[in-house]
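Here's the structure we're looking at; comments come further down.
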Amino acid sequence: MQPLRLSIRLLALAAVLLFFSLVWLYTREFRVFTNTIGARVLVPGAMLVGALVAAAVLYALRKRLTPWENHLPETLTIAVFTVLFAPLFVSLLNRAGGEREYQKFVFVSEMPYLSSGYGLLKDEKIKPSGYRLTVQEGERVYRFQYKKQEYFPLTKPGDVVELPVRKGVLGARVLELE
């Protein structure tokens, strides 16, 4: 009886560690979502696929989970987490096998931004938290964010710039500036 209790606790600990790892990975993936061309289609599509996968899993486990009233927490956990974490897995899948190439865009602007969780302190030296790049491709205007450095300090609006873009396996393109 004692080894069974220990294995259940270890399994619960592993599940908690997996959950926190997935949340950490998801927060790191938000930067990729802001720099993905086609994210407005990719994320809702991933959530729809996640809902279909959750429905299929629940259908496969229907005998195990009956009566439904007694297994509501398990059912909701499967449904909610599958739908919420689907965009993470789809984004990782999209970038997994894509090719990196330089694509031409028309430069519109590059502006520094300041992000401070608690405001500025008196006499604190202000330095940008990152940069927002606005470019145009045909009639579409795209806005990207990156943190490392200003890439186009001397570029004027209307100039053509080449940006490193990874064309994903699922068709969404991801800007690869850091």
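The numbers here are math on the coordinates, done by the rules we state, and not lab data. Remember, predicted model here, so these are calculated numbers, not experimental data. Neighbour counts run over all protein chains shown; Cβ positions are idealised from the backbone, glycine included.
Semi-axes of the equivalent ellipsoid for region 2-96, computed as √(5λ) from the eigenvalues of its C-alpha gyration tensor and ordered from largest down, come to 29, 20, 9 Å.
Would you work out which of Gly117, Val165, Ala54 lies farthest towards the positive end of the dipole of the chain, given +1 charges on the beta-carbon of Lys and Arg and -1 on that of Asp and Glu, about the Cα centre? With unit charges placed on the Cβ atoms, the residue in question is Ala54.
Would region 39-178 count as rounded, prolate or oblate if I go by the C-alpha gyration tensor, calling it rounded below 1.5 in a/c and otherwise prolate when a/b exceeds b/c, oblate otherwise? Let's see the in-between values first.
Values: a/c = 3.86, a/b = 1.85, b/c = 2.09.
It is oblate, given that a/c is not under 1.5 and a/b is not larger than b/c.
What ranking do 58-70, 87-99 get when scored by the average of other Cβ atoms within 10 Å per residue, highest first?
Details: 58-70: 10.6, 87-99: 17.2.
The most tightly packed comes first, giving 87-99, 58-70.
Would you work out the charge dipole size for region 2-96 about its Cα centre, treating the Cβ of every Lys and Arg as +1 and the Cβ of every Asp and Glu as -1, and quote it to the nearest 20 debye?
Numbers: 9 positive and 3 negative charges, 32 e Å.
Using only the charged Cβ atoms, the result is roughly 160 debye.
Size of the dipole of the chain about the Cα centre, Lys and Arg at +1 and Asp and Glu at -1 on the beta carbon, nothing else charged, in debye to 20? Write out the running numbers ahead of the final one.
On the way: 23 positive and 15 negative charges, 83 e Å.
That gives the chain a dipole magnitude of about 400 debye.
In this rough spin-label picture, where each label sits 7 Å from Cα along the Cβ direction, the Tyr118-Arg132 distance is 2.6 nm.
For Lys127, a cut-off of 20 angstrom between C-alpha atoms picks up these lysines, skipping any fewer than 8 places away in its own chain: Lys147, Lys148.
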